[in-house]
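Asker: The structure's right below; bear with me while I get my questions together.
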Amino acid sequence: MSTLNWPESIARKAIVDFKAYSARGGATDALHLDANESPWTPPPVTGADAYNRYPEQQPEGLRTRLAALYGTAPDTLMIGRGADEAIEVLLRTFCEAGEDKVLVCPPTFGYYANCASIQGAGIVEAPLDADYSYNEERIRTAMTEAGAALKIVFLCSPNNPTGNVIDPKIVTSLCADFPQTLIVIDEAYEEFSDQPSFTNDMGIYPNLIVLRTLSKAYSLAGVRGGVAIADPRIIALMLKVLPPYPIARPVETAILNALSPAAMPVHKARLALWKSERERMATALAQSAFVKTVFPSQANFLLLDVNNREELLRELAKSNVKIRHYPIGLRISIGAPEENNIALAAFGITPPSGKQMRIGEAHRKTKETDISVRVNLDDASTIAIRTGNGFYDHMLEALAKHGGFGLVLSCDGDTHIDAHHTIEDCALALGTALKEALGNKAGIGRFGFTMAMDETQARVAIDLSGRAAMTFKGIFPTDHAGEFPAEMCPHFFESLSQTLGAAIQIEVEGENTHHMIEACFKGLARALRPAFKREGDEIPSTKGVI
Ligand SMILES: *Cc1c(COP(=O)(O)O)cnc(C)c1O
């Protein structure tokens, strides 16, 4: 009987006994002559990036950000090169070669068994039921039979490749009844599911470990970032095994940029589209002669049981569409709408005749502002704006609402200085996103609008010509409306016209600055509304392009 406390009692003896390799990481203001680094940054990198210095073992800023993202405490996180590395480190921390075992529930993610084999751990299987649900009795029986040698149970929810989630009661009762054993829930696809994360149960069950990844929902597969979330005692053991400096400095920067508060509403909008595309694909694929069954999925893929597999694979190859093959069926990832339509065609499903939604995004980060914008010219249902300037929020909201387009815009700007950079940079980013959404401008118009508002009249003419030009006639009676400087009103339209590639002409008369600015925004919105509207495919220019 081991005299050690849990979880040391179940860890490999060699890991418990050894002192973690320790070396300084991170750049402080000390004179660092302690790590044989270069005193010079590599060209062309500037000093602030400190590429010449080793990174911290667990970069503090990143740990804090990821803890906030996952609603947990920093000391419950081990950040690694993807969730894959967390799986590997778990095996190497807890499974003695030739003695210990892990349990998996196939069909499931293959890397658990892979890592177990490399580490020399035994693999116990408790297969899923025929409908791919987890079979609690089978898991319990296998766990009991394996006894103390069973160190880790890998459960994947939503499961890859079947897409279903586990009943939370199975997880919590296994945690309670097998307190010595590590119950690992791999939540690589949690963001796509309706089930709450098991991180909510972590305080209750010290043997519960949650894996999360930035590769799927946050679009960072190429960057490599994922975490194990666990009791700090488990994390401390795992950090002894994690190789030195797993998070390269540019990786930390890339992750922090992608997860900046300004970017989060865009991730949310993308997830909503992703889920609606999953439902659209499930319905459409069920109509394909190749498809016997579409399994319900809470992930960003669908598992298909198919007929004429070889012929289907030939069709997919002809269209250069790659999907994943398994003995139990084919797994297709949910892509962007236009990508999904290409895949549908290979399945013999004519894509819907309706046009693609015109969506544009722009992300802009400087020392002065951090901005993410997403516009949808064909779905006005989502308008969510946060610039830190109440009046400006109100104006942008009016622009989207009266322009008839969806707008998600977040900005963290240096408003403690003044509103200038925020207003200007948001306008530039908005113009860029709108221009991207317009695409080849097939079917759009070129318009103008006269806007009456109490004593004020604004006349706005626009031409989405591809060429920037702005004229503004109007004199404001006061220099501010709320926290919005009146001089920034023409400047907004100037900046927008630059990146949108539009001629914008505005004349405004009135006696109230608030009304005058608002009339300009609404007038532009009303002019844009028909200009954004698609009727037919004709490009409204004698040149054939604009
Ligand atoms: C993709 C995937 C992972 C790996 O994620 P990374 O963070 O990219 O290593 C882990 N588990 C499952 C179930 C996955 O599908």
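The values are calculated or read from the model by the stated rules, or taken from the named source; none is laboratory data. None of these values were measured; they are calculated from a predicted model. As a convention, Cβ positions derive from the backbone with ideal geometry for all residues, glycine included, and neighbour counts pool all protein chains shown.
Asker: Any residue at all in segment 187-198 that is within 16 Å of the ligand (Cβ to nearest atom), in contact with a Cys (Cβ under 7 Å, 6 or more places away or on another chain) and of a type in the set (Asp, Glu)?
Answerer: Scanning segment 187-198, I find no residue that is within 16 Å of the ligand (Cβ to nearest atom), in contact with a Cys (Cβ under 7 Å, 6 or more places away or on another chain) and of a type in the set (Asp, Glu), so the answer is no.
Asker: May I ask you to list pairs of residues, at least six apart or on different chains, whose Cβ atoms are under 8 Å apart, with the first in segment 221-238 being touching a residue at least 40 places away in the same chain (Cβ under 8 Å) and the second being of a type in the set (Lys, Arg) and within 9 Å of the ligand (Cβ to nearest atom)?
Answerer: Cβ pairs passing all conditions: Arg224/Arg81; Gly225/Arg81; Gly226/Arg81; Gly226/Arg212; Val227/Arg212; Ile229/Arg212.
Asker: Something else: Return the pairs, sorted by first residue and then second, in which the second residue is crowded, with 18+ Cβ neighbours inside 10 Å and among the aliphatic types (A, V, I, L, M), the first residue lies in segment 48-67 and is part of a loop (DSSP other than H, G, I, E, B), the beta carbons are less than 7 Å apart, and the residues are 6+ apart or on different chains.
Answerer: Ala50/Ala27; Arg53/Ala27; Pro55/Ile247; Gln58/Ile79; Pro59/Ile247
Asker: Now, a different point. Just give me the residues in segment 378-394 being more than 15 Å from Ala262 (Cα to Cα) and crowded, with 24+ Cβ neighbours inside 10 Å, in sequence order. Step through it out loud before you land on a result.
Answerer: Our first condition is that a residue be more than 15 Å from Ala262 (Cα to Cα); within segment 378-394, this holds for 378-382, 390-392, 394.
Listed by number, the list holds a single entry, Tyr392.
Asker: Quick one: which residue in Pro44, Pro59, Pro55, Pro107 is within 16 Å of the ligand (Cβ to nearest atom) and either of a type outside the set (Val, Ile, Thr) or exposed (fewer than 14 other Cβ atoms within 10 Å of the Cβ) (or both)?
Answerer: Details: Pro44 fails: within 16 Å of the ligand (Cβ to nearest atom); Pro59 fails: within 16 Å of the ligand (Cβ to nearest atom); Pro55 fails: within 16 Å of the ligand (Cβ to nearest atom).
Being within 16 Å of the ligand (Cβ to nearest atom) and either of a type outside the set (Val, Ile, Thr) or exposed (fewer than 14 other Cβ atoms within 10 Å of the Cβ) (or both) holds for just one of Pro44, Pro59, Pro55, Pro107, which is Pro107.
A quick yes/no check of all residues on (1) more than 21 Å from Ala433 (Cα to Cα); (2) surrounded by 13 or more Cβ atoms within 10 Å (Cβ to Cβ); (3) among the aliphatic types (A, V, I, L, M):
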site: Ile323; (1), (2), (3): yes, yes, yes
site: Ile334; (1), (2), (3): yes, yes, yes
site: Glu338; (1), (2), (3): no, no, no
site: Ile342; (1), (2), (3): yes, yes, yes
site: Gln356; (1), (2), (3): no, yes, no
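Asker: Of everything in segment 206-226 that's touching an Asp or Glu at 6+ places or on another chain (Cβ under 7 Å) and more than 10 Å from the ligand (Cβ to nearest atom), which residue is nearest to Gly335 (Cα to Cα)?
Answerer: Ala217
Asker: Right, here's the next one. Taking only segment 62-78 into account, find how many residues are among the hydrophobic types (A, V, I, L, M, F, W, C), within 16 Å of the ligand (Cβ to nearest atom) and touching a helix residue (DSSP H, G or I) at 6+ places or on another chain (Cβ under 6 Å).
Answerer: Taking segment 62-78 and keeping what is among the hydrophobic types (A, V, I, L, M, F, W, C), we get 62, 66-69, 73, 77-78.
Still in the running and within 16 Å of the ligand (Cβ to nearest atom): 62, 66, 69, 77-78.
Those still in the list that are touching a helix residue (DSSP H, G or I) at 6+ places or on another chain (Cβ under 6 Å) too: 62, 77-78.
The total comes to 3.
Asker: Quick check on segment 68-92: of everything there that is of a type outside the set (Gly, Ala, Ser) and free of Cβ contacts under 8 Å to residues at least 60 places away in the same chain, which residue is nearest to Pro196 (Cα to Cα)? Reasoning before the result, please.
Answerer: Filtering segment 68-92 down to residues of a type outside the set (Gly, Ala, Ser) leaves 69-70, 72, 74-79, 81, 84-85, 87-92.
From what's left, free of Cβ contacts under 8 Å to residues at least 60 places away in the same chain: 74, 88.
Working: Pro74: 20, Glu88: 25 Å.
Result: Pro74.
Asker: Output the number of the condition that Phe154 fails; it satisfies all remaining conditions of (1) in contact with a helix residue (DSSP H, G or I) (Cβ under 6 Å, 6 or more places away or on another chain); (2) away from the ligand (no atom under 13 Å from the Cβ).
Answerer: All conditions pass for Phe154, except number (2).
Asker: A further question on this structure: Contact list please: Cβ distance under 7 Å, first residue in segment 122-133 and in contact (Cβ under 8 Å) with a residue 24 or more places away in the chain, second residue surrounded by 12 or more Cβ atoms within 10 Å (Cβ to Cβ) and of a type in the set (Lys, Arg), pairs at least six apart or on different chains.
Answerer: From segment 122-133, the pairs are Gly122/Lys101; Val124/Lys101.
Asker: Answer yes if at least one residue in segment 447-467 is in a helix (DSSP H, G or I), closer than 22 Å to Met357 by Cβ and touching a residue at least 24 places away in the same chain (Cβ under 8 Å), and no otherwise. If you could, list the steps in order and put the result at the bottom.
Answerer: The first filter runs over segment 447-467 and keeps only residues in a helix (DSSP H, G or I), leaving none.
No, that holds for no residue.
Asker: Could we say that Asp370 is over 30 Å from Asn308 (Cβ atoms), assigned to a loop (DSSP other than H, G, I, E, B) and among the acidic types (Asp, Glu) here?
Answerer: Values: over 30 Å from Asn308 (Cβ atoms): yes; assigned to a loop (DSSP other than H, G, I, E, B): no; among the acidic types (Asp, Glu): yes.
Against the criterion (over 30 Å from Asn308 (Cβ atoms), assigned to a loop (DSSP other than H, G, I, E, B) and among the acidic types (Asp, Glu)), Asp370 does not qualify.
Asker: Inside segment 90-104, can you point out the residues that are closer than 27 Å to Thr162 by Cα and either within 15 Å of the ligand (Cβ to nearest atom) or not aliphatic (A, V, I, L, M) (or both)?
Answerer: Here is the first cut: in segment 90-104, the ones closer than 27 Å to Thr162 by Cα are 90-91, 101-104.
Matches in segment 90-104: Leu90, Leu91, Lys101, Val102, Val104.
Asker: For Ser319, only one of the following conditions fails: (1) touching a Lys or Arg at 6+ places or on another chain (Cβ under 8 Å); (2) surrounded by fewer than 18 Cβ atoms within 10 Å (Cβ to Cβ). What is its number?
Answerer: With (1) touching a Lys or Arg at 6+ places or on another chain (Cβ under 8 Å); (2) surrounded by fewer than 18 Cβ atoms within 10 Å (Cβ to Cβ) applied to Ser319, the lone miss is (1).
Asker: Could you tell me whether Thr499 is touching a helix residue (DSSP H, G or I) at 6+ places or on another chain (Cβ under 6 Å) and either in a helix (DSSP H, G or I) or modelled with pLDDT under 95 (or both)?
Answerer: Yes: the conditions hold for Thr499.
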